[in-house]
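Structure record follows, encoded as structure tokens.
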Protein chains: 2
Amino acid sequence: MGKILEIDLSDRTYRVTPIDENIARKYLGGKGYALWILYQDLKKLERKGIAPRDIDPFGPENTLIFATGPATGTSFPNGGRYHVMALKSPLTGGIASANSGGEFGPYLKFAGYDMIVIRGKSDTPVYITIIDGEVAIHDATDLWGKNVFDTIRILKDKHGNHDASVACIGPAGENLVHIACIMNDEHRAAGRTGVGAIMGSKKLKAIYVRGTQKPPIAKLEEFKEKVSKYLKVMKENSVTGEGLPKYGTAILVNIINGIGSLPYKNWQGAYSPEADKISGETLEQKYLIKRRPCWGCPIACGRVTKVESGPYQILYSEGPEYESIWALGQDTGVMNLEAIIKANHYCDEFGIDTISMGSTIAAAMELVEKGLIPEEDLQGLDLRFGNAAALVEAVWRTAYKSGFGKYLALGSKRLTEIYGAPELSMSVKGLEMPAYDPRGVKGIGLNYATANRGGCHVTGYTISPEVLGIPEQLDRLSYEGKAKWVKIFQDFTCAVNSAVVCLFNTFALGADAYADMLSSITGWNLTADDILKIGERIYNLERYIMSKYGFSSKDDVLPKRLLHEPLPDGPSKGQVVDPEQFKKMLEEYYKLRGWVDGVPTPEKLKELEIEV
Amino acid sequence: MGKILEIDLSDRTYRVTPIDENIARKYLGGKGYALWILYQDLKKLERKGIAPRDIDPFGPENTLIFATGPATGTSFPNGGRYHVMALKSPLTGGIASANSGGEFGPYLKFAGYDMIVIRGKSDTPVYITIIDGEVAIHDATDLWGKNVFDTIRILKDKHGNHDASVACIGPAGENLVHIACIMNDEHRAAGRTGVGAIMGSKKLKAIYVRGTQKPPIAKLEEFKEKVSKYLKVMKENSVTGEGLPKYGTAILVNIINGIGSLPYKNWQGAYSPEADKISGETLEQKYLIKRRPCWGCPIACGRVTKVESGPYQILYSEGPEYESIWALGQDTGVMNLEAIIKANHYCDEFGIDTISMGSTIAAAMELVEKGLIPEEDLQGLDLRFGNAAALVEAVWRTAYKSGFGKYLALGSKRLTEIYGAPELSMSVKGLEMPAYDPRGVKGIGLNYATANRGGCHVTGYTISPEVLGIPEQLDRLSYEGKAKWVKIFQDFTCAVNSAVVCLFNTFALGADAYADMLSSITGWNLTADDILKIGERIYNLERYIMSKYGFSSKDDVLPKRLLHEPLPDGPSKGQVVDPEQFKKMLEEYYKLRGWVDGVPTPEKLKELEIEV
């Protein structure tokens, strides 16, 4: 069992506590265990008289957790990730949750800790070093204002480059941009729900980790054999063995546009005849230098890219991922891959979530199209759909809240509210939805509506069965039986994020494979059902906490556009999310979940052994 | 006689003192009177044991002054300016001095004060309002980080729009960028010697002024008649009546390139066959929307411009001026007026001196050309000569010190020192030289070398006789007799900046006209000789203070390139500043000045009634 590092930035103290095996058996690690800790903090706040609804995302009462799990840093395939959780997101007002690859997760474990719990807030900028178990809190005044690349370089130059990793915020996080993310290893992002702004509010610039400690594995030889077996399965799988390695996640651009479900111009459509201009294939042909895998990853979907010349040149960058290409490109109507690469680079440099950034710009462009933004607010920025120059400029402006950037920094929900057209925010619970239009893929819509963190694809990635045919091919336009799939994917993903490994291995590996390998790591005797039960427990505790913030079925909704504006063209032309059918799916889902009005019943909580 | 507002930001107190007529008779107002105040402060610091050399430009001991003069805000032609002075420049280590148009100068006077003297420094951001004599110091926490346009708009919305003006810093000044300027009225800049960074170090974000008080005029009717007469003279003058109104200052691009003296690619040449692409004529034809005059100006050289589309689009901007076009364009090899307009816009938005910005980028480009900057420092920015995209990006990066911007923020002298090639900084005393190559115009070189604030054209604008033939045509390639012209122009300009009015009226008006109108304003009986004597006194006191900082003849030099690298092409091909001839000019100049080793003698100081 590992250890938890708990740091209070208000008085700059810390303590180390062991992982509690009882909690680990119920919540595994990573997201699940972090959630349990958050819930204990929430109860403490309630006892102090601070109501959950009154928790200030930027207050010292917000707890921020960096979590690995039992599989992170082991040879479990794709064990190179970490999960970030916080009590409250500045973007959604709900739980904050994000996940990132690179090297930070495993290196945190090698440095001696499974998790870092950050409480309180510092008055002045600080950073933390954790080197082989040794913890230190340093002044970061000179780092404040530095971009992500500078921050990482300076800390590695100072504290050692070898097998070290830095998670940090850029200017966006410092400036409390609501869509700021936490970055690590240059171009890797714990992107969503504004976790970077939370870190910024605590004046915590960075965490540097390095160490030589090995993650404990109960049955090492058995584990090694199992890993070999599953790595072979992954290699033989067409997605994990071929598609993702060759084209990266951007392979999805042509696939999803090809079914008319790649949202276009702030979801006014979901198809563009020009999508190939910004596809993974084009990226691979024109801009790819090499691949860069996360730690211990056999897939290596990461792209190292370059735009040689022209107005959007950048001589070294990474990405962009599928979601980023869509949000910054097709969703803004900018079908210019060079501009997208540049905009994506700025998102990484300054620490901004690409999905929320692109979507917020797209919302602004529709506001401009409708004449709802006064000229003086724009300060000469020509935010028209398809305008590559304005896209790129809008990104760094957001990081620094300069000119119109100060409005973009609020995310699409608040932005569109300010200009009197909240229906133009393509978000759920304030979190901008990703690159799959539910009008063309019905199940993912139910997932967006019910995902605890808001409009999110990796809460329950039903695209896998609905489009890719994994583990079996469903009819993407049917509503039938989708509720069950959404629930299973949501539960399983909770387990994946608590393991903590990369969701991409699940294209090849199921809950049985997870149970098999995790049993060898932990020494417990886990079944596939146990894995799904753990996931369900986590999902219910998360939902229960959300209910304490006031979230309920009224928030399990989709933007009106999806229900009432049929897709105007492309392979899914004429499709909407039928309001009645959606309602039916949702009711079925609640029933499967054992929820009433979108909230777990006491019986359900008891059944899942969640002590509230 | 007017009043001086003295504010101590350390304890947030202020007091009002009257203008001392004895001092005013000796130093007029504006720059001269401010210099006298600075010298009193310097003596106080010496008595406290702080040596002039040890004054920290960012310390509370640096005094910052906003000064108008007797002619500012009157109908004296072009009375719409103010002068900024400070004890020490972060860029040069010498006296800081800068001058700006717009409306701030007159409105400060209408608000009740001739000058504002800022001492000490605040711990937290503040701004000052002066409304009809009433002074208040406000918290500016919410303004900190805001760009120039936002800052001005917010303060005018809050304190009144009508006949109000705001001088402020942008992010560059806040971030202590050494080439930051003070901005007013959106696009007007007190540009040089880093005065914006001084204001930033004091945490003074802005000064808002408004009022209805009238500048005193001793003989009003007489003054009115004289003004009518001299306005007619200006109207009939080809420069002030025609060239500047129609094409703005950018009319000089083709003129100076046409004599092969418009420095190209960090002064590796001084001619480009493409210069017309970035000329005032092209600006007028393609990008000009309208003219915007400063307060009370019959010339209206200010340009309101727009780049409709493309990567450098900006739907509303002002400028760029001749110097900015040169520095951001020809000097960087970017012969792209759209990119120059955009880069100039960013300089205004973030508060950066365009001359120093362009020149520092040009120096960086030559460092890159020579392979002296490691790739990792550039973070993918392709700083090649002629690269429009890199130029534009480099500007906002400088304001925020992001990526390579943190090096550019130091100015060209420190930048080139860092990379081991100080000879590539085209500066004098650390201040980047403007848009006239002394290899093709010999007298201006002597002015650059001897200008107290460093490489500056508006200290003694001998381009007027050497190129434009005003008041008489000199041979631009001759060294003969130039020392005398330099001295006269430097002295007269000190009087202009103490009046405080715009130097541009001097294309039409001489010291006699100044004496004539200033006599009516003050009620004194001033002659042209008096005006020049006042100017000489000011110049000598400034030089004397510089000597206390350690400046002497060793600093009255030009970059080696100008003396040893003949111009490679163009109408001045083969020309250098001949080292022997330069030395001779300098010696003649010192003799005319009564200086030994570049420093005024005690006899000279006594003769000028400067009490040291």
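If the Kirkwood radius is taken over C-alpha pairs of the protein assembly as shown, then at 10 °C and 1.306 mPa s the Stokes-Einstein diffusion coefficient equals 49 µm²/s. Both radii were evaluated on the Cα set of segment B:1-103; the Rg over Rh quotient, with Rh as the Kirkwood radius, amounts to 0.98. The residue list B:Val233, B:Gly248, B:Gln268 was ranked by how far each Cα lies along the charge dipole of segment B:169-271 toward its positive end, using unit charges on Cβ atoms, and B:Val233 comes out on top. Among the protein heavy atoms of segment B:132-278, carbon and sulfur supply 50% of the accessible surface, probe 1.4 Å, non-protein parts ignored.
Residue of chain B with the smallest Cβ distance to the axis mapping B onto A, distance rounded to whole Å: B:Pro311, 2. Membrane-span-like helices in chain A, defined here as complete DSSP H runs extending at least 15 Å along the helix axis by their C-alpha atoms with mean Kyte-Doolittle hydropathy no lower than 0.5, are A:354-369, A:388-400; this is a sequence and geometry rule, not a statement about a membrane.
Once you list every other residue whose beta carbon is under 14 Å from the beta carbon of A:Ile251, what net charge do they have if Lys and Arg are +1 and Asp and Glu are -1?
On the way: positive: A:Lys246, A:Arg291, A:Arg303; negative: A:Glu242, A:Asp276, A:Glu281, A:Glu284, A:Glu321, A:Glu323.
Net of charged neighbours comes to -3.
Placing a label point 7 Å from the Cα of B:Ser553 along the Cα-to-Cβ direction, the distances to the matching points in the other copies come to 9.4 nm, shortest first.
Put simply, the amide H of A:Asn99, placed in the peptide plane, has neighbours under 5 Å in A:Val84, A:Gly191, A:Arg192, leaving out anything fewer than 5 places away on its chain. Quotient of the Cα radius of gyration of segment A:44-183 and 2.2 N^0.38 Å, N being its number of residues: 1.09. Across the identical copies, the 7 Å label point of B:Asp163, projected outward along Cα→Cβ, sits 7.4 nm from its counterparts, in ascending order.
Residues of segment A:134-148 whose accessible area, computed with a 1.4 Å probe over protein heavy atoms, drops by at least 10 Å² once all protein chains are present relative to their chain alone are A:Gly145, A:Lys146, A:Asn147.
Charges were assigned to the Cβ only: +1 to each Lys and Arg, -1 to each Asp and Glu. The resulting dipole of segment A:505-573 about its Cα centre is roughly 400 debye. Based on DSSP H segments of at least four residues, each scored -39500 (n - 2.57), chain A has a per-residue ellipticity at 222 nm of -11500 deg cm²/dmol.
Checking buried surface per residue: for segment B:368-386, which residues lose a minimum of 40 Å² accessible area in the protein assembly relative to the chain alone (1.4 Å probe)? Going by heavy-atom accessible area, the residues of segment B:368-386 that drop by at least 40 Å² are B:Gln379, B:Gly380, B:Asp382. Ordering A:Gln330, A:Gly79, A:Tyr316 by the projection of their Cα atoms onto the charge dipole of chain A, which places +1 on the Cβ of Lys and Arg and -1 on the Cβ of Asp and Glu, puts A:Gly79 at the extreme positive end. Taking only protein heavy atoms and a 1.4 Å probe, the accessible area of segment A:299-369 is 51% carbon and sulfur. Net charge dipole, chain B: roughly 740 debye, given to the nearest 20, about the Cα centre with Cβ charges of +1 for Lys and Arg and -1 for Asp and Glu. Counting from the shortest, the label point at B:Asn525, 7 Å from Cα toward Cβ, is 11.8 nm from the same position in each remaining copy.
A:Gly160 sits among other residues whose Cβ lies under 13 Å from its own Cβ, and their net charge, with Lys and Arg +1 and Asp and Glu -1, is 0.
Taken as Cα centroids, segment A:515-541 and segment B:542-558 sit 77 Å apart, rounded to the nearest whole angstrom. If you take the Cα centroid of segment B:385-403 and the Cα centroid of segment B:80-113, the two points sit 27 Å apart. Assuming charge only on the beta carbon of Lys and Arg (+1) and of Asp and Glu (-1), the dipole of segment A:244-346 about its Cα centre is about 260 debye to the nearest 20. Net charge of the neighbourhood of A:Gly170, taken over other residues with C-beta under 12 Å away and scored Lys/Arg +1, Asp/Glu -1, is -4.
The phi-based Karplus calculation (6.51 cos²θ - 1.76 cosθ + 1.60; θ = phi - 60°) puts the 3J(HN,Hα) values of segment A:125-142 at x, 9, 9, 10, 10, 10, 10, 6, x, 7, 10, 9, 10, 10, 5, 10, 3, 6 Hz, whole numbers, x for Gly and Pro. Projecting the Cα atoms of B:Gly469, B:Gly386, B:Pro374 onto the charge dipole of segment B:367-498, computed from C-beta unit charges around the Cα centre, puts B:Gly469 farthest toward the positive end.
Residues in segment A:268-273 carry Karplus couplings, in order, of 6, x, 8, 7, 9, x Hz; the curve used is 6.51 cos²θ - 1.76 cosθ + 1.60 with θ = phi - 60°, and Gly or Pro positions show x. The trypsin sites (Lys or Arg not before Pro) of segment B:181-231 meeting both criteria, a DSSP state outside H, G, I, E and B (loop) and at most 14 other C-beta atoms within 10 angstrom of the site's C-beta, are B:Lys219. A rounded overall shape is assigned to chain B, the ratio a/c of its alpha-carbon gyration tensor axes (a ≥ b ≥ c) being less than 1.5. For segment B:82-125, the fraction of 1.4 Å probe accessible surface lying on carbon and sulfur atoms is 45 percent.
Chain pair A, B: how much accessible area is buried, both chains summed, with a 1.4 Å probe, in Å² to 100?
2600 Å²
Note that chain A presents 32 Å² accessible area per residue, ligands and nucleic acids not counted, probe 1.4 Å.
For chain A, what does the relative contact order come out to in percent, with C-alpha contacts under 8 Å and a separation of six or more? Could the numbers behind the result be given before it?
Working: 1499 pairs, mean separation 94.0, N = 612.
This gives 15 percent for chain A.
The values are calculated or read from the model by the stated rules, or taken from the named source; none is laboratory data. Computed from a predicted model, the values in this text were never measured in an experiment. We place every Cβ from the backbone using ideal geometry, glycine too, and count neighbours over all the protein chains shown. The protein model used for the area step is the full one, side chains on, heavy atoms only, and it has no ligands, DNA or RNA in it. Shrake-Rupley method; radii C 1.70, N 1.55, O 1.52, S 1.80 Å.
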